[in-house]
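Note sheet for the following structure.
The values are calculated or read from the model by the stated rules, or taken from the named source; none is laboratory data. Not measured: the values here are computed from a predicted model. Neighbour counts are summed over all protein chains in view; Cβ atoms, including those assigned to glycine, are modelled from backbone coordinates with ideal geometry.
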Amino acid sequence: MKRHYKQFGWFLLILLFALLIRILFIRSVIDRDWPFSVFYYGDSNHYHLYAMALLHGELYDQGIPFHPPFYAWFLSAIYKILGPPVSSGYPYKFWMAVISSITVAFTWLWWRKAIGEFWSWIGAALLCFHFGWLLFSATFANEVLYCLFLSATAGLLWLRGKTFSWRDAAVLGVLTGVAALTRGEHSSLWPFFLLYLWIRRDRTVSSRNHFARWGLAVAISLVVLIPTTVRNWLVLSAHNQKTSHLEPLSRFVPVTSYGPVNFALANSDSADGGFTPDLITQLDGDGGINMENAGHRKLYIHGYSIGIAWIKQNPDKAFQLFLRKFNRWLDGFRIGFGVSNFPGGLAGNRPPVDLFVPNNTFAKWPGVLLLAIGIFFSMKKEHRAYSICSLILLHRLILTELFFGYARGLVVMLPVIIPLMLLPLIIASSKWPVVKKAVGTVTIVAVILFTLQALEIVSGPPRNFQASGSSDNRGKIIQDDWVKIWPAKE
């Protein structure tokens, strides 16, 4: 019992410390009252409008399931308690920061058993100060919830993979279902989960018993999706009746239906490796989907076949696009630590619907190399538990190559990336103890310096930034396009 109290005390301490850093970061920037960060706009406005529609009992996007609903439900619940944002978004960002801090502390908790106490502290320090995770806390982005669900799922599989019980199956099913309602692609992780469970299974237990438990987990995750599946069926049926002169939309949509159109956008002559709506705007539009437009509707329904046809007709371009997507994804390693994003700095670009990526590329390739070594070691029998991290990362890489290369797509994976990056150091320290001592010393110094820097910056006036990019007919920067960002001169 005493051990549990001590563990809870450390958990609470990490949570509060992570929250302190996030609050200092939010309050140190001029955008602290905005419902998004200057460094990450993403789908913040969509989720705000979605939450407001739920609050007023209205349909958002005419009820078409473009966005997964769980984060909008979460945001609307906060609006119901605090009231919708009027003059400041800070009170709502505070709760995003709380969720992010809980994720940091919870991830440390399962890392203690997975990678050892010492290395779990190193990982917790990295999560506390990672600039990308600070940005998740400073805007209305569903990543702030998804990071928690992803971490919980990975932790459950890592720690319980060998002794997977009926209760574990029920928990995994609920977790996977809720995570899928937050990020629709999470359901497609099941083949990777089942492969890991098969590799790690207890061979003294019959295969039939294993299959029954795994089947229960999958079944529960599907049950979680029944309400949204029914809701989408009814809404899309009504939509098809109103637009009977156009090709009907598929009514079976468990979570979202944006997969086909995104696939077409990501695999076309206008694709650049990241998000670009050019294929839509070429069909008469402002970058948004208009379901009354026959061309847009065709992309929405037949996007997969359109994208596959383009790949078959343009294999050389498709391969080049493959490399660009991979490179854009790896740009997540350019994002650094602390409130000033060390070592990358605060001058760079914010790609469409993505995180800010600094101009400085110093940290990218060392990070890539360390991760690659960790993945290699995770394939060895003595480090087989780490393979759940490699499999989840492989799933993310496949999605990246099928759709868009996002730096945020890598940053959101930190609960599984960090153990893989630490694995080479863990192995090296078992042979050379000086490695462990050096890592510990560097981490302590970095935590002190990053904390002092955050305290110093917040004591002055909020930091301001300049931005440039494409503008609309009112002269306002188009937030979903490329935006160049740099610190404003005092």
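Table for the structure above
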{"read-out": "Condition check for residue 26: farther than 29 Å from residue 352 by Cβ and among the aliphatic types (A, V, I, L, M)", "value": "no"}
{"read-out": "Spans of helices (runs of 4 or more DSSP H) in the stretch 108-215 with at least 2 residues touching a strand residue (DSSP E or B) at 6+ places or on another chain (Cβ under 8 Å) and not β-branched (Val, Ile, Thr)", "value": "117-129, 131-136"}
{"read-out": "Cβ-Cβ under 9 Å pairs, at least 6 apart or on other chains, the stretch 337-351 side at positive phi, far side hydroxyl-bearing (Ser, Thr, Tyr)", "value": "338/451"}
{"read-out": "Meets criteria (surrounded by fewer than 17 Cβ atoms within 10 Å (Cβ to Cβ) and of a type outside the set (Phe, Trp, Tyr)) for residue 105", "value": "no"}
{"read-out": "Among the candidates 400, 451, 443, residue that is touching a residue at least 40 places away in the same chain (Cβ under 8 Å), of a type in the set (S, T, N, Q) and crowded, with 20+ Cβ neighbours inside 10 Å", "value": "400"}
{"read-out": "Any chance residue 214 is surrounded by 14 or more Cβ atoms within 10 Å (Cβ to Cβ), in contact with a helix residue (DSSP H, G or I) (Cβ under 8 Å, 6 or more places away or on another chain) and touching a residue at least 24 places away in the same chain (Cβ under 8 Å)", "value": "yes"}
{"read-out": "Hey, residue 120 in contact with a Phe, Trp or Tyr (Cβ under 6 Å, 6 or more places away or on another chain), polar (S, T, N, Q) and under 21 Å from residue 417 (Cβ atoms) or not", "value": "yes"}
{"read-out": "Hits in the stretch 161-171 (condition: modelled with pLDDT under 95 and of a type in the set (Lys, Arg))", "value": "162"}
{"read-out": "Filter result for residue 382 (more than 30 Å from residue 180 (Cβ to Cβ), acidic (Asp, Glu) and either modelled with pLDDT under 95 or within 23 Å of the chain's Cα centre (by Cα) (or both))", "value": "yes"}
{"read-out": "Residue count for the stretch 315-367, restricted to those that are assigned to a helix (DSSP H, G or I), over 22 Å from residue 457 (Cβ atoms) and either modelled with pLDDT of 95 or more or of a type in the set (Gly, Ala, Ser) (or both)", "value": "20"}
{"read-out": "The listed residue being exposed (fewer than 15 other Cβ atoms within 10 Å of the Cβ), hydrophobic (A, V, I, L, M, F, W, C) and either within 27 Å of the chain's Cα centre (by Cα) or farther than 20 Å from residue 68 by Cβ (or both), out of 252, 263", "value": "252"}
{"read-out": "Every residue from the stretch 449-481 that is within 15 Å of residue 30 (Cα to Cα) and either polar (S, T, N, Q) or part of a helix (DSSP H, G or I) (or both)", "value": "454, 457, 458, 459, 464, 466"}
{"read-out": "Test: residue in the stretch 2-17 that is part of a loop (DSSP other than H, G, I, E, B) and of a type in the set (S, T, N, Q)", "value": "no"}
{"read-out": "Residue list for the stretch 75-134, restricted to those being without any contact (Cβ under 8 Å) to a residue 40 or more places away in the chain and farther than 19 Å from residue 440 by Cα", "value": "76, 77, 78, 79, 80, 81, 82, 83, 84, 86, 91, 95"}
{"read-out": "Some residue of the stretch 58-73 being free of Cβ contacts under 8 Å to residues at least 40 places away in the same chain, surrounded by 22 or more Cβ atoms within 10 Å (Cβ to Cβ) and closer than 27 Å to residue 255 by Cβ", "value": "yes"}
